[in-house]
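Quick note: the coordinates plus some simple rules give every number you see, no bench work behind them. Not measured: the values here are computed from a predicted model. Neighbour counts run over all protein chains shown; Cβ positions are idealised from the backbone, glycine included.
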Amino acid sequence: MSYIVSIETSTAICSVAIHNEGKLMANADLYLEKSHSNSLTPLIEQLLHHCDLQMKDLNAIAVSSGPGSYTGLRIGLSTAKGLCYALDIPLISISSLDSMTTQVLNFHKDDKSIYIPMLDARRMEVFYKVSDANLIEVEKMSNLIIEEDSFSDYLNQYKSVFLFGNGAEKAWDLLKHKSENFIFIDNVNPSAQFYGEMALEKFEKEQFEDLAYFEPNYGKEFYSPKSKKKSFLDLNR
């Protein structure tokens, strides 16, 4: 038995799942803005209760390695590290983009096609990654400003180019007239329920993260705009 709790908080969706030997036992996704800090720990406790499990039964924690929301990823990782420290179990990282591709491959697997998950990075920019039907990386995770010729090179190499994720919506507006080989799939979001097999594989290979030093790949540097409100020091200058 290998019980793994998976945590996915890279977007506005707070997602938790429990897998046993890679098979889904229970999952919960909350589509509520800013729900991560208040809902994550109660969701984990509720799922453990429903599965008749206790914290001591867990063998590992899997958490999103990004890209995505800086705040969301920080909350997810802090919770995951806290559990790992307290229970003395390993930490596993899973790409949010890979979880999306795994979801799509359950219904649209085609060895002659390519898969491009995208997460919105504001304006016309997206975080993306390109994988084949076996989840083998063709183009590593990066960020990109979508243009009319984006991903056009893949049209000559593959039967279909699948685009999905909340970042793919704006890409679709530009690319849908370019070729019928571009295929857009709606309502695909990162979800912990699709971590199972990937987390199990890393667990069996002991591909664990360093609890002290592991940080998510945020996709780009975090930017916090300077407040326009005057501070106490400003007022007294």
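List of remarks:
- Taking the square roots of 5 times each eigenvalue of the Cα gyration tensor of the range 27-68, largest first, gives ellipsoid semi-axes of 21, 15, 8 Å.
- Here, the range 73-140 yields an orientationally averaged convex hull projection of 6.2 nm² when only Cα atoms define the hull.
- Between the amide H of Ile183 and those of Val161, Phe162, Leu163, distances stay under 5 Å, these residues lying 5 or more places away or on another chain, with hydrogens modeled in the peptide plane.
- Using a cut-off of 22 Å between Cα atoms, the listed pairs Lys109/Lys205; Lys112/Lys176; Lys23/Lys129 include Lys109/Lys205; Lys23/Lys129 as exceeding that distance.
- For the range 97-185, the antiparallel share of DSSP beta bridges with both residues in that region comes to about 55%.
- Largest mean-square fluctuation among Thr101, Thr11, Thr79, in a Gaussian network model of the chain whose springs join Cα atoms under 10 Å apart, belongs to Thr79.
- Antiparallel DSSP beta bridges within the chain, as percent of all bridges there, nearest 5: 60
- Convex hull volume of the chain per residue (C-alpha atoms, cubic angstrom): 152
- Near Ser113: Cβ cut-off under 9 Å, other residues only, Lys/Arg at +1 and Asp/Glu at -1. The net charge is 0.
- Taking GluC sites (Glu not before Pro) in DSSP loop states with no more than 15 other Cβ atoms inside 10 Å as exposed sites, the chain has its longest site-free stretch at 34-146.
- Average projected area [Cα convex hull, the range 97-185], square nanometres: 4.9
- Theoretical FRET efficiency, 1/(1+(r/R0)^6), r = Cβ-Cβ of Asn143 and Met1, R0 35 Å, to 0.05: 0.35
- Net charge of neighbours whose Cβ lies under 12 Å from the Cβ of Leu43, counting Lys and Arg as +1 and Asp and Glu as -1: -3
- The phi-based Karplus calculation (6.51 cos²θ - 1.76 cosθ + 1.60; θ = phi - 60°) puts the 3J(HN,Hα) values of the range 207-219 at 8, 9, 9, 6, 4, 7, 10, 5, 9, x, 8, 6, x Hz, whole numbers, x for Gly and Pro.
- Nearest-0.05 FRET efficiency for Phe208 and Asp153, computed from C-beta distance (R0 35 Å): 0.45
- The local environment of Leu87, defined by Cβ-Cβ distances under 13 Å, has a net charge of 0 under the rule Lys, Arg +1 and Asp, Glu -1.
- Taken along the Cα-to-beta-carbon direction at a fixed 7 Å, the label points for Gln46 and His108 span 3.0 nm.
- Extension gain for the segment Asn181 to Gln54, taken as residue separation times 0.36 nm less the Cα-Cα distance, is 40.9 nm to one decimal.
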